[in-house]
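Engineer: I have a structure I would like to understand better, so I am pasting it below and will then ask my questions one at a time.
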Amino acid sequence: MKALILAGGSGTRLWPLSRQNFPKQFLKLNEDKSLLKQTVERLMTSIPPGDIIIMTKSDYKFYVISELSALSVTHSILEPGSRNTAPAIALGIKYCIDKLGCDKDEVIFVSPSDHIIRPVEKFREYLKEAEEIAKDGFIVTFGIQPTKPETGYGYIKCNRQGLHDKQRYCNAEKFTEKPDRETAQCYLNEGNYYWNSGMFAFTIGTIMEEFKKYAPRIHKELDKGFDEILSTFIQMPDISIDYAIMEKSDKVITLPLDLYWNDIGSWDSLFDVLDKDESGNVKIGNVISINTRGTLILGNKRLISTIGLEDCLIIETDDAILVAKKGEAQKVKDIVNKLKENARSEGEEHVTTYRPWGSYTVLEEGLRYKIKRIVVNPNEKLSMQMHHHRSEHWVVIKGAAKVIVGGEETFMHENESIYIPKSMPHRLENPGKIQLEIIEVQNGEYVEEDDIVRMDDVYDRTKTD
């Protein structure tokens, strides 16, 4: 069995922590590992790392490399743009055929990259059972027993007609995408509805037949080779696998999961996962609370003080603070949409931007200047580059730096500085064993990130990534 992990989403519902340039799957929310890394490690208990394929946007290439370099996961597909889950899965299927030599009987397990599932041992049993069901020509969906009238999930209606009493699965009769609260309560009362987890299992032959029958435009693309499909991927229909196949196919089986599952799809969901104090609060960071109950307080750098709050959500980042009532967290995406409509950078970018060599944080900027804190990981280096419109001044505040300016090599240590004139080729490298941190002061008529001319780059970048 092969596993396709879908890791290309932008995660707007966890704004301001999750943003387009650093989405939810790379965040460390419930433990000291990212949700993506937790997903891979969970699957590695059943599937060898060489049979796991990560599907992500090309923008996230280096995040994936950084997260998974120690796990021996060598297969990744970099989507040139967002086209939803149906084309992504089709592309992954073609990769398995062309690059891994899979035939039509190979079972493929599709999983999101940002869910919490436990215990892992029980999940392994369900995965094995799903594999056997898929071999019989069915598409297996994994259903979650609903515990509340959740409006942020899709629902699957099931019936057991024609099935043996001892079979744990059921026939998927109907899919409903994110109902209103009244409808969700009716589903909860009826008892034969399950949350749609977004996980699937099927053979290549079965899903290819269903693409041909219900999504002919996507199926036609599958006649091409993988590399050709990748080059024209952005032209494929923008449609989910639920709308394209699951709602129409008569081969869909639902396997209910009797375990803990959480897709961390909102701040309410995260609150459910984290440990609480004696007043039912989740407090992370520098927090002082008085007469506060049932509240999530996620701090960053500033002191957060609360008095007399109940059932609230407070999330602080360097450049934004979200304050909301619990139960309203699904509307966070509306805030993100407003930010995008007004061309606000807070909707897509963090103050801290991650690069394959480390990260940089914008501390202050104004007319003709920008100040950054740059962190370079051990044994990493920036590209050899130059800037037409700005000069730079570097001050080392931690670690050791190897600097090349105009062909001259210099080693710098804490409290030492160097000046880089406009149009002067230069490179910054960390030759040490601890992180290098510098303060960079840019000055010039233009200080945006696209004023970079790269002459040599160990990461093969051509843009400002």
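Engineer: Do you know which of the residues in the range 426-444 that are under 19 Å from residue 355 (Cβ atoms) and either part of a loop (DSSP other than H, G, I, E, B) or among the small types (Gly, Ala, Ser) (or both) is most open to solvent (accessible area, probe 1.4 Å)?
Structural biologist: Checked the range 426-444; the qualifying residue most open to solvent (accessible area, probe 1.4 Å) is 434.
Engineer: Turning to a different aspect of this structure: Can you name every residue in the range 317-327 that is open to solvent by less than 80 Å² (accessible area, probe 1.4 Å) and either more than 23 Å from residue 363 (Cα to Cα) or of a type outside the set (A, V, I, L, M) (or both)?
Structural biologist: Correct list: 317, 318, 319, 324, 326, 327.
Engineer: Another one. Answer yes if at least one residue in the range 304-316 is of a type in the set (Val, Ile, Thr), out of contact with any Phe, Trp or Tyr (no Cβ under 6 Å at 6 or more places or on another chain) and open to solvent by 30 Å² or more (accessible area, probe 1.4 Å), and no otherwise.
Structural biologist: yes
Engineer: Take residue 121 and tell me if it is in a helix (DSSP H, G or I), in contact with a Lys or Arg (Cβ under 6 Å, 6 or more places away or on another chain) and either without any contact (Cβ under 8 Å) to a residue 60 or more places away in the chain or of a type outside the set (A, V, I, L, M) (or both).
Structural biologist: Here the answer is no, as residue 121 does not meet what is asked.
Engineer: Where in the range 2-87 are there strands (runs of 3 or more DSSP E), lying fully within it, with 2 or more residues that are in contact (Cβ under 8 Å) with a residue 60 or more places away in the chain and more than 30 Å from residue 216 (Cβ to Cβ)?
Structural biologist: none
Engineer: Looking only at the range 349-390, filter to residues that are polar (S, T, N, Q) and assigned to a loop (DSSP other than H, G, I, E, B); which one of those is surrounded by the most Cβ atoms within 10 Å (Cβ to Cβ)?
Structural biologist: Within the range 349-390, the match that is surrounded by the most Cβ atoms within 10 Å (Cβ to Cβ) is 383.
Engineer: Give me the residue from the range 118-168 that is farther than 25 Å from residue 35 by Cα, open to solvent by 40 Å² or more (accessible area, probe 1.4 Å) and within 31 Å of the chain's Cα centre (by Cα) and, out of that set, modelled with the lowest pLDDT.
Structural biologist: 157
Engineer: Only one of (1) at pLDDT 95 or above; (2) surrounded by 15 or more Cβ atoms within 10 Å (Cβ to Cβ); (3) not β-branched (Val, Ile, Thr) is not met by residue 454, so which one is it?
Structural biologist: If we test residue 454 against (1) at pLDDT 95 or above; (2) surrounded by 15 or more Cβ atoms within 10 Å (Cβ to Cβ); (3) not β-branched (Val, Ile, Thr), just (1) comes out false.
Engineer: Continuing with this model, one more query. Among 358, 366, which is without any contact (Cβ under 8 Å) to a residue 12 or more places away in the chain and small (Gly, Ala, Ser)?
Structural biologist: Answer to the selection: 366.
Here's the yes/no breakdown for (1) within 20 Å of residue 379 (Cβ to Cβ); (2) charged (D, E, K, R):
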residue	(1), (2)
410	yes, no
414	yes, yes
417	no, no
421	no, no
441	no, no
459	yes, no
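Engineer: Within the range 214-235, which residues are open to solvent by 50 Å² or more (accessible area, probe 1.4 Å) and over 27 Å from residue 127 (Cα atoms)?
Structural biologist: Once the filter is applied, which keeps residues that are open to solvent by 50 Å² or more (accessible area, probe 1.4 Å) and over 27 Å from residue 127 (Cα atoms), the range 214-235 yields 216, 217, 220, 223, 224, 227, 228, 231, 234, 235.
Engineer: While we're on this one: Output the number of residues of the range 335-348 satisfying the condition of being of a type outside the set (D, E, K, R) and open to solvent by 30 Å² or more (accessible area, probe 1.4 Å).
Structural biologist: Matching residues across the range 335-348 total 5.
Engineer: Under 6 Å by Cβ, and 6 or more places apart or on different chains, what pairs join a residue from the range 391-420 that is open to solvent by 70 Å² or more (accessible area, probe 1.4 Å) with one that is outside any strand (DSSP E or B)?
Structural biologist: 413/400
Engineer: Only one of (1) crowded, with 16+ Cβ neighbours inside 10 Å; (2) over 17 Å from residue 28 (Cα atoms) fails for residue 283. Which number is that?
Structural biologist: For residue 283, the failing item is (2).
The values are calculated or read from the model by the stated rules, or taken from the named source; none is laboratory data. For clarity, every value in this text was computed on a predicted model and none was experimentally measured. Every residue, glycine as well, gets a Cβ built from its backbone with ideal geometry; the counts of neighbours run over all protein chains shown. For the accessible areas, the whole protein counts, side chains as well, though only heavy atoms, and no ligand, DNA or RNA atoms are used. Shrake-Rupley method; radii C 1.70, N 1.55, O 1.52, S 1.80 Å.
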